[in-house]
Ligand SMILES: [Zn+2]
């Protein structure tokens with residue numbers, strides 16, 4: 001009786017789960033598709049951002065080209081200015097030496113003139129004025145001599161004046177050239193300051209360029225991650241369908257086995273009852289015979305009936321359905337080093353299990369491989385979809401050394417998925433294990449603490 005109730009309950013539960021399969025799967029698939037649509041929108045947004053950043057880079061490159069041309073021109077101007085300054089300085093040096101030469105000549109002429117005048121009016125010297133006067137033959141002669149002496153002095157004076165004028169002219173020229181030099185130096189200063197401004201602009205623009213490039217790289221990374229997630233979501237949709245079919249088939253197989261076992265047990269019970277009845281009848285018959293034929297006291301007792309054959313052993317199911325409290329098994333040996341929750345200002349969506357050496361990783365429950373691949377963050381990673389008692393679950397096994405299963409494959413509980421490793425964004429060998437009650441999504445909003453679910 002108790003058994004009958006149990007069987008009825010089982011068939012009802014199978015019926016119910018049959019019902020929940022369809023409604024829950026429709027819902028989860030809808031959720032997956034919605035997440036995919038969100039992911040596509042996000043990708044489109046990122047692609048648009050990339051275009052914008054690339055446009056900005058193109059603009060910046062043009063500006064940098066212009067700046068480079070300006071810098072080249074400024075450098076040429078500076079070189080020309082420097083040449084001009086060098087030329088001007090050489091001119092100034094030449095003028096200075098001309099001035100010095102003229103000064104020397106003026107000094108010499110001045111000395112000569114003074115000498116002549118002294119000779120003319122004072123005593124001594126090669127030409128004594130008085131002697132010229134007294135030694136003259138006549139007044140006419142005297143006058144001639146006087147005049148010629150005066151002419152010589154006049155000539156000296158004229159030469160001196162000329163020298164002085166020359167000197168003035170050269171000094172004026174020198175002043176002009178010096179003012180030219182100072183203006184050239186001013187221009188050079190301006191050019192140098194322009195040059196440093198251009199260099200400054202260039203370095204600023206290069207800095208912006210670097211930022212834009214890094215921004216673009218980040219966007220490409222994001223797009224890569226979104227594409228990875230997109231592939232994961234697409235694979236998940238396929239895997240969920242396959243997993244639901246697998247779970248249904250498994251449930252049907254289980255029901256068939258239960259029914260067969262029940263039928264075998266009933267058959268065995270019926271046979272045992274029949275044998276018991278036959279034995280009883282035989283015993284009764286023997287007693288009756290004994291009573292009617294007391295003379296045959298020594299008659300051999302009837303051969304003991306064959307012992308009833310043991311009922312056929314119940315076929316041992318190859319898979320024991322997990323109890324409702326523990327649907328999953330521990331995925332690997334090791335110690336839990338990090339729990340689910342907030343860690344380093346980020347949500348840690350699973351538990352970390354660490355162990356040294358070659359440590360196999362097991363499927364926490366039977367299921368379908370959503371994806372087995374190498375991710376930049378998760379390293380070697382396997383995503384499994386499980387459909388248990390009308391509830392969809394997803395498990396994630398990250399940072400593995402290697403992977404032993406492939407996308408789309410069916411796995412049974414305890415099957416080796418790979419080995420514990422340190423791949424992807426990981427520091428030290430450990431298994432990062434996630435359990436999601438429902439499908440996996442980008443925000444990991446379905447992540448739950450797996451420990452209470454583990455037997
Ligand atoms: Zn972790």
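Points worth noting:
- Condition check for residue 183: without any contact (Cβ under 8 Å) to a residue 24 or more places away in the chain, part of a helix (DSSP H, G or I), in the same structural domain as residue 94 (by TED's automatic domain parsing) and over 30 Å from residue 95 (Cα atoms): no
- For segment 362-400, the tally of residues that are within 16 Å of the ligand (Cβ to nearest atom) and either under 18 Å from residue 351 (Cα atoms) or part of a strand (DSSP E or B) (or both) stands at 16.
- Candidates 432, 436, 425 - the one that is within 12 Å of the ligand (Cβ to nearest atom) and surrounded by 22 or more Cβ atoms within 10 Å (Cβ to Cβ): 432
Yes/no per residue for (1) over 28 Å from the mean Cα position of the chain (by Cα); (2) at pLDDT below 95; (3) not assigned by TED's automatic domain parsing to the domain that holds residue 225:
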| residue | (1), (2), (3) |
| --- | --- |
| 372 | no, no, yes |
| 375 | no, yes, yes |
| 391 | yes, yes, yes |
| 398 | no, no, yes |
| 402 | no, no, yes |
| 418 | no, no, yes |
| 424 | no, yes, yes |
| 442 | no, yes, yes |
| 445 | no, yes, yes |
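- One residue stands out in segment 380-393 among those that are buried (at least 19 other Cβ atoms within 10 Å of the Cβ) and out of contact with any helix residue (DSSP H, G or I) (no Cβ under 6 Å at 6 or more places or on another chain): the one that is farthest from residue 438 (Cα to Cα), namely 380.
- Flag if residue 259 is surrounded by fewer than 16 Cβ atoms within 10 Å (Cβ to Cβ), in the same structural domain as residue 43 (by TED's automatic domain parsing) and touching a strand residue (DSSP E or B) at 6+ places or on another chain (Cβ under 8 Å): no
- With respect to (1) surrounded by 24 or more Cβ atoms within 10 Å (Cβ to Cβ); (2) in contact (Cβ under 8 Å) with a residue 40 or more places away in the chain; (3) within 12 Å of the ligand (Cβ to nearest atom), the lone exception for residue 354 is condition (1).
- Screening residue 9 with (1) over 49 Å from the mean Cα position of the chain (by Cα); (2) at pLDDT below 85; (3) over 30 Å from residue 251 (Cα atoms) gives one miss only, at (3).
The values are calculated or read from the model by the stated rules, or taken from the named source; none is laboratory data. Since we're looking at a predicted model, the values are computed, not measured. Virtual Cβ from ideal backbone geometry, glycine too; neighbours counted across all protein chains shown.
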